[in-house]
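The values are calculated or read from the model by the stated rules, or taken from the named source; none is laboratory data. If you're wondering where the values come from, they're calculated on a predicted model, not measured in any experiment. Quick reminder, even Gly has a Cβ in these numbers, built from the backbone with ideal geometry, and neighbours come from all protein chains shown. Please note that ligands, DNA and RNA were not included when accessible areas were found on the heavy atoms of the full protein model with its side chains. Shrake-Rupley method; radii C 1.70, N 1.55, O 1.52, S 1.80 Å.
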Amino acid sequence: MYRPNGNCLRRFLKRSFCSAENIDSKVQIFDRHLKRKQRDRAAWLLNRKDSLVNTVADNLVDRLEDVKKTFPSALCLGGSMEAIRRSIRGRGGIEKLIMMDSSYDMVKLCKDAEKDLSSDNIETSFMVADEEFLPIKESSVDLVISCLGLHWTNDLPGAMIQSRLALKPDGLFLAAIFGGETLKELRIACTIAHMEREGGVSPRVSPLAQVRDAGNLLTRAGFTLPGVDVDEYQVRYNSALELIEHLRAMGESNALVNRIKFLKRDTALATAAVYESMFAAEDGSIPATFQVIYMTGWREHESQQKAKRRGSATVSFKDIQKEFGGQTT
C-alpha cells in the first residue's frame, strides 16, 4: 500500500484525477492529520460487534436492493468501511471494490480481514488516501459509498463533487453521515460544565450538518435524483466514560483545529456529573443520541427521469379545479 507525499499528491491530482479545482481550501475546520492518527488508534480498538456501526452500514447497503441496476465497480471511502465490506454479501452485483482510507492502520485492518470474506468472489484492492483529494480517475466506478466518514472533511461539498466525478454516468453515490442532533446530550452537559467551571464555552463536540442542508449538498455537488432520509439511534452506556471510549473506538474523537487540547480534570468530572444528573435512566444508564443522515444521488445520464420544461404543461390548475374542485369524498 503506497502512501504518497502530500504536496506531490495535490499536484498529481490536479493534473489527472477528479479532485475539485480549488483543492487547497482555505477553510480548515478539522485537523486532518489528527483525524488520521485517531483512526490509526481506532483500528486497534475497533469492535466488529458494534451494533451502532453495523446497523448504519447494513441500512446503507440495503439501499442497493432498492434499485434493479448492478454496480460492477465500487469505491468505499473511509469511515466504517470494514463494516460496509462485511455488509455487502453479494448485494449490488459488485465485482471489483476499492477500499480507501486516510489511515494506514485502518486499511491494513481491512486487508487482514479480507481473508474471512474471500467466499463472495469480490476482487478487492486497498488504497491509503485522503477523502478530500480522491486519487480516482474520472468516470471510473459505478458506485461510491461512504459510511460515517465524510462529516470529517473540511470541504464536504468538494468531497461530494469529487465523488460524482469519479462515477460513471448513471453511477450511484451513497453516504451516511452524522447529523446535527448527534450527541446532543453530551453537548448540553459540556456547555453547562464549562460555564460552571471555566466561565465560558469551548468547542468539545464537532459541528455537523443539519438535515435541511443534506438535499442542498447533493444538489450543489451536481447529483441528480437526490434523496435524503434520517434515522435516530439511542445507545445506552453505563457511564459518560464508556461513551467517550466508544467514540474513540469509532475514530470519532474531537478533531477541531481550534480545540482546547487539554481538558481540566474538574471540568471533565463536572461534565460527567451533569450528564448523569440530567439524562440518566432509572437503572443508572445514560443515553446518547446518534442522528444519521442517509444521502443518495446519481451522476447524470440521459436515461434518468427529468423534470419537464417550465411552461410545457398542457393542463392548467384552473381546469383541474373546475373538474374536481366541487367533488366531495
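One table, with the values for the structure above:
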read-out	value
With at most 12 neighbouring Cβ atoms within 10 Å, loop trypsin sites (Lys or Arg not before Pro) (DSSP) excluded, longest segment of the chain	138-260
Solvent-accessible area of residue 319 with every protein chain in place, 1.4 Å probe, in Å² to the nearest 10	80 Å²
Dipole axis of the chain (+1 Lys, Arg; -1 Asp, Glu on Cβ), positive-most option in 209, 135, 254	135
Violating pairs (Cα-Cα greater than 22 angstrom) within the set 137/306; 49/108; 68/96; 115/137	137/306; 115/137
Distance between modelled label sites at residue 51 and residue 89, nm, 7 Å Cα→Cβ extension	1.8 nm
Whether the chain is rounded, prolate or oblate, judged on the alpha carbon gyration tensor where a/c under 1.5 counts as rounded	oblate
Cα-based radius of gyration of region 49-175 once divided by 2.2 N^0.38 Å, which approximates compact folds	0.96
Solvent-accessible ranking of 317, 279, largest area first, probe 1.4 Å	317, 279
Listed residue (34, 324, 233) projecting farthest to the positive dipole end of the chain, Cβ model	34
Accessible area of residue 147 in the full protein assembly, 1.4 Å probe (Å², nearest 10)	0 Å²
Chain lengthening between residue 198 and residue 237 when straightened (0.36 nm per residue, less Cα-Cα)	11.4 nm
Gain on full stretching of the segment that runs from residue 216 to residue 108 - 0.36 nm per residue minus C-alpha separation	35.4 nm
Considering only the chain, percent of DSSP beta bridges that pair antiparallel, nearest 5	45 percent
Dipole magnitude of region 6-328 about its Cα centre (Cβ charges: Lys, Arg +1; Asp, Glu -1), debye to nearest 20	1060 debye
Total charge dipole magnitude, region 144-242, about the Cα centre, Cβ charges on Lys, Arg, Asp, Glu only, Debye to nearest 20	200 debye
Helix-only CD estimate at 222 nm, as mean residue ellipticity for the chain, using -39500 (n - 2.57) per DSSP H run (n ≥ 4)	-11500 deg cm²/dmol
Where the chain is the region considered: accessible area per residue in Å², 1.4 Å probe	53 Å²
Sulfur and carbon atoms: percent of accessible area, the chain [1.4 Å]	50 percent
